[in-house]
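The values are calculated or read from the model by the stated rules, or taken from the named source; none is laboratory data. Nothing here was measured: the structure is a model prediction, and the numbers come from that model. When we count neighbours, we look across all protein chains shown, and the Cβ atoms used for this are built from the backbone with ideal geometry, even at glycine. These accessible areas exclude ligands, DNA and RNA; they are computed on the full protein's heavy atoms, side chains included. Shrake-Rupley method; radii C 1.70, N 1.55, O 1.52, S 1.80 Å.
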Amino acid sequence: MEPELRDYVGELLDSGTVAGVLALKDELGAVKPYLFTKNNEIGDLVLTSKYPLASVMSMLQKEDPSIKLAIVCRGCDERALIELAKRNQINLDNIVFVGIPCDEEMADKCNCLQPYPKEIVTGEKLSNWVPKNNYEDFKNMSTEEKLIFWKGQLEKCNKCYGCRNACPLCFCSDCELENALWVKHGRLPPEFPIYHVIRAFHLAGKCVGCGECENACPVGIPLMTLNHLLREDIKDLFGYMTGQDIEDENPINTKEEY
Amino acid sequence: MKYDNILTTCPYCGCGCKYYIQVINGVAKGVMPCKEDPVSEGKLCIKGWNVVDFVYSEGRLTKPLIKENGKFREASWDEAYNLIVSKFKKIKEQHGPQAFGLLSSAKTTNEENYLMQKFARSIIVTNNVDHCARLCHASTVAGLAAAFGSGAMTNSIPEFEDADCFLITGSNTTEQHPLIGSRILRAKERGAKIILVDPRLIQLAKFADIHLRQKPGTDVAWLNGLMYVIIKDGLVDEEFVKNRTENYEKLKKEVMNYPPEKVEEITGVPKEDIISAAHIFGNAKTASIIYSMGITQHTTGVDNVKSCANLAMITGNMGKACTGVNPLRGQNNVQGACDLGALPNVFPGYQAVANGEFREKFEKAWKMDDKIPENVGLTVVEMTNEAHAGNIKCLYIMGENPMVSDPDINHVKESLESLDFLVVQDIFLTETAELADVVLPGTSFLEKDGTFTGTDRRVQRVRKAIEPLGESKPDWLIISELASRMGSSAFEYNSPKEIQDEIASLTPLYGGISYERLDDLGYLQWPCLDKDHKGTVFLHKGKFTRGLGCFFPITYKPPAELPDKEYPFTLTTGRILFHFHTGTMTRCVPKLDKEVPTGYVEIHPVDADRLGIKDGEIIKVSTRRGTINIPAYITRKVPEKIVFIPFHFKECAANILTNPALDPIAKIPELKVCACKVESIGE
């Protein structure tokens, strides 16, 4: 998959279609997000590991709104970019999507709902993919049991805000998690359950299931359980799935008509 | 457009998390966790996430400053260097090299610490070089070196994942070493037992199987108490004691004076809890002792550390994975600063200055005509005292802020003001720098190359991500340029890499460490003796560094100052999650300042009620050293009669109150216990 992809993005650079390709680079025994601008660097482009590239793309566009860039993206990256575009956080016209599918191992690790973008340039989509975990164990808990479970989990919180920082859809410059009206400043753990509930609710209709929040959590709070259940609710209540098509209207987005 | 991620090591605590700095067109934009990093595993604490903000904060020094008529003016590097050189030479001529003191920095790189002590020993020709490890783990270095032969954390951070039992004492791990704290919580979920010994109800208390809330400063007593039960109930690892240790009978004799009833009397911990804790620890397959300032910052700091070593050895929890005595070092490079000889008694790699062979080796390597003194130099607090007495005339301080960090600040201020000449090299105009004659602008970790050594002896690269701000220069370059202007030809380096190569050639512990290997392997844990040595995950396997592990019988001694009628409360101090040390790097970060904008004193509701104190009210806390006004935080986190103050905040500085009484061996001050008075002032 990698050699094919390298040829493809090398061509994008050589032809001048884009000024750079946002992808992952292997360096110093680790993998990092990187903007490839020259064909001779492409040999270090890799597909393993996963980083919130949609956030990086948004940052790069803010730096230079006119720049045209390609992004080597997984399903979740693409969905994140689409949701960001709906909220005017990114300009899709200046992005060339270079889609790649996730393999079974990766899809399993994230318990992904849709481990591929709409179009892929290499590899094969996992057809008929169904995530293994549908959170039945959790759903079967009584309210009392749920309370005990979440209390135990959220008491571990280190208030790093890593869940928010790693989230491609958390772009607000003024974050309600930092508003003393809701969450007392400087307390550890943050007050139960408001801190985590605010974040979960703010992601309703936004979360694309990339799992970066849970990956970033130092104490292993199962944040994707919360997010998954809310995504199910949004689907059941409004028939809405995040990140499918730029034309799908988000039911939670409020718009003022003038 | 250029967008890259530079892999570097965090400059806050000793965990040694590596992460990426996101750089766009030469400007650092933020942090990206590194998922492949073995310490952080792609997770960070709030300080790490926001690290870029302090680098660009408005207060950064970008030009040298010279004080004239009590006011600073900007100066050129030439001018600043010339002034320093002429003053240094004059003071050395008039008062001799022992009138100098140099403070190195646990914040700067290994290479820079190496150069600072090289500057002290070869340019000034004094061993008066020390740094703030004196205030945190000097007792560890002394205590563990005596017991085991090596003064460092015995095991490694990833091993915490698999330990069966933790004894955590004097370490608020989830706040002070968040990425170690998170591993302990994970181990707990897997079924590991946690014994917490701490006067305060810290976050870990919720996860502890048993929490002993001892009176501050009674650690030797409960440690002896645990060993009493372990010996009495047959939980001693006889095999280990017989084959690997010496002096056991003497220990046993002493420990048998500490039955649980007596320990309860001294420590206030119920005797049943002492017995339960001893049984949990003694029965664990692998047990790991984790401690920090709560053990070390006492006049009995070395005694406390030796007692921890005793407990680990009698249960055979040494020299194997997931065990050991694990002091958590509080700063990114406090381990490295010690390793590289920024201490008054040792050269790099703990080679004693008292040893003539070592002195000769370094004199030769450093192309010296002078002889390095064989006498041990002055420690941090002793330098302050000697300055006060008029014997130290000149201090050169790099990246330290004794005006907030040291005990009895009023005394520190008088001492610094009585100097003939004070040079401070820092990235901010700190409270200490304000008192300087010349201030040299160093750079932050983002603007230079080097290495830090994390708490588990993990040497890792610091990589330059951006150019130095303004005219600031990396500290290694400043020291080198200053040394060259002092007439030395032994400080000509093109890059920190060359300094590391020199370190490796003179320091057996670091013998196999090079930038090439660190790039390949990500890290190396010392001892790393040569280029083929893979480094050492845990120490004392099969044999202690000193041969046999040595038990020290320790008698309990009370703290230097106990509550009395006039000062009825016990004051204890420490750090909090959201800030770091003297606050210079965190209080300028909006997201951290928002969480905790100023200091506070934690006081129990019963005490607050009795004194008519309301939550948030400004109250007066006094000790024999001084008085501060500070907001009250009424909480059950502290027991009755004990108050806690974080020491980060200069406007209500805990260290105006603290006691500078020293441990006789390690010279560490008793920052964790003193007597105080708490009063409402009706505000």
- Over segment B:335-438, what is the percentage of antiparallel beta bridges among all DSSP beta bridges, to the nearest 5? 25 percent
- Item | Residue-averaged 222 nm ellipticity for chain B, from DSSP H runs of 4+ at -39500 (n - 2.57), nearest 500 | -8500 deg cm²/dmol
- segment B:569-680 shape via C-alpha gyration tensor axes, a/c threshold 1.5: oblate
- Message: How large a share of the accessible area of the protein assembly as shown, in percent, is made up of carbon and sulfur atoms when the probe is 1.4 Å and the other protein chains stay in place?
- Response: 50 percent
- Relative to the present Cα-Cα distance, how much length would full extension add between B:Ile665 and B:Asn494 at 0.36 nm per residue of separation? 57.6 nm
- Query: For B:Glu265 and A:Asp245, what is the calculated FRET efficiency with R₀ set at 60 Å and r taken between the beta-carbons, to the nearest 0.05?
  - Reply: 0.25
- Query: From the square roots a ≥ b ≥ c of the eigenvalues of the alpha-carbon gyration tensor of segment B:441-584, which class results: rounded (a/c under 1.5), prolate (a/b over b/c), or oblate?
  - Reply: oblate
- Item | Computed over segment B:29-138: relative contact order in percent, which uses C-alpha pairs under 8 Å that are six or more apart | 15 percent
- Item | Antiparallel DSSP beta bridges within chain B, percent to nearest 5 | 50 percent
- Query: trypsin sites (Lys or Arg not before Pro) within segment B:596-683: which are DSSP loop residues with at most 12 other Cβ atoms inside 10 Å?
  - Reply: B:Lys614, B:Arg636
- Task: Take every Cα pair under 8 Å in segment B:74-201 that's 6+ residues apart, average their separations, divide by the length, and report that relative contact order as a whole percent.
- Result: 16 percent
- Note on the structure: For chain A the mean separation of alpha carbon contacts under 8 Å (6+ apart) over residue count, i.e. relative contact order in percent, is 16 percent
- Note: probe point = Cα of B:Thr598 + 7 Å toward Cβ; backbone nitrogen < 18 Å; residues of segment A:183-207 passing the test are A:185-187
- Item | Global geometry of segment B:3-55, whether rounded, prolate or oblate, following the gyration tensor of its Cα atoms and the 1.5 cut on a/c | oblate
- Query: When you look at the Cβ of every residue in A:29-40, what mean number of other chain Cβ atoms sits within 10 Å?
  - Reply: 4
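Need one number: convex hull volume per residue for segment A:136-238, Cα atoms only, in Å³.
Expressed per residue, the convex hull around the Cα atoms of segment A:136-238 is 113 Å³.
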- Which residues qualify? For B:Gly170, with a placed amide H closer than 5 Å and at least 5 residues away or on another chain, they are B:Val197
- Message: With a 1.4 Å probe and all protein chains left in place, how much accessible area per residue does the protein assembly as shown have, in Å²?
- Response: 36 Å²
- Message: Tell me the net charge near B:Gly542. Cut-off is 11 Å between Cβ atoms, B:Gly542 excluded, with +1 for each Lys or Arg and -1 for each Asp or Glu.
- Response: +4
- Task: Please sort by residue number the trypsin sites (Lys or Arg not before Pro) in segment B:483-557 whose DSSP state is loop and whose Cβ has at most 14 other Cβ atoms within 10 Å.
- Result: B:Lys531, B:Lys534, B:Lys541, B:Lys543
- Query: Once you list every other residue whose beta carbon is under 10 Å from the beta carbon of B:Leu435, what net charge do they have if Lys and Arg are +1 and Asp and Glu are -1?
  - Reply: -2
- Placing each pseudo-label 7 Å from Cα in the direction of the beta carbon, A:Tyr8 and A:Asp233 end up separated by a distance in nanometres of 3.8 nm
- Query: Given springs between every Cα pair under 10 Å in a Gaussian network model of chain A, which of A:Leu169, A:Leu126, A:Leu203 has the largest fluctuation?
  - Reply: A:Leu126
- Message: What does DSSP give for the protein assembly as shown in terms of the percent of beta bridges that are antiparallel, rounded to the nearest 5?
- Response: 50 percent
- Identify the trypsin sites (Lys or Arg not before Pro) of segment A:145-208 meeting these criteria: DSSP loop state and at most 10 other C-beta atoms within 10 Å of the C-beta. none
- Item | For segment B:138-328, the fraction of alpha-carbon pairs in successive 10 Å shells from zero, as % | 10, 41, 40, 9
- Extended-chain gain in nm, criterion 0.36 nm per residue less alpha-carbon gap, B:Glu74 and B:Asp519: 156.3 nm
- Note the buried accessible area between A and B here, summed over both chains, with a 1.4 Å probe, in Å² to the nearest 100. 3800 Å²
- Just order B:271-284, B:172-185, A:131-144 by mean Cβ neighbour count inside 10 Å, highest at the front, would you? B:172-185, B:271-284, A:131-144
- Computed over the Cα atoms of chain B, what is the convex hull's projected area averaged over all directions, in nm²? 28.5 nm²
- Task: Relative to the longest principal axis of the C-alpha atoms of chain A, give the angle of the C-alpha long axis of helix A:223-238, reported between 0 and 90° and rounded to the nearest 10°.
- Result: 90 degrees
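At 0.36 nm per residue, and after removing the present C-alpha to C-alpha distance, how many nm does the segment from B:Glu640 to B:Glu161 gain when stretched out fully?
Between B:Glu640 and B:Glu161, full extension yields an extra 169.0 nm.
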- Message: Could you tell me how far the Cα centroid of segment B:137-170 sits from the Cα centroid of segment B:500-561, in Å?
- Response: 12 Å
- Task: Partner chain Cβ atoms within 10 Å, averaged over the residues of B:634-647 - can you pull that number for me?
- Result: 0
- Is there a simple number for the mean count of other chain Cβ atoms within 10 Å of the Cβ of residues in B:27-34, and what is it? 4
- Query: Ordered by packing density, taken as the mean number of other Cβ atoms within 10 Å over each peptide's residues, highest first, how do B:287-296, B:229-238, B:411-420 rank?
  - Reply: B:287-296, B:411-420, B:229-238
- Do you know which residues of segment A:207-226 lose at least 40 square angstrom of accessible area in the protein assembly compared with their chain on its own, with a 1.4 angstrom probe? A:Asn215, A:Pro218
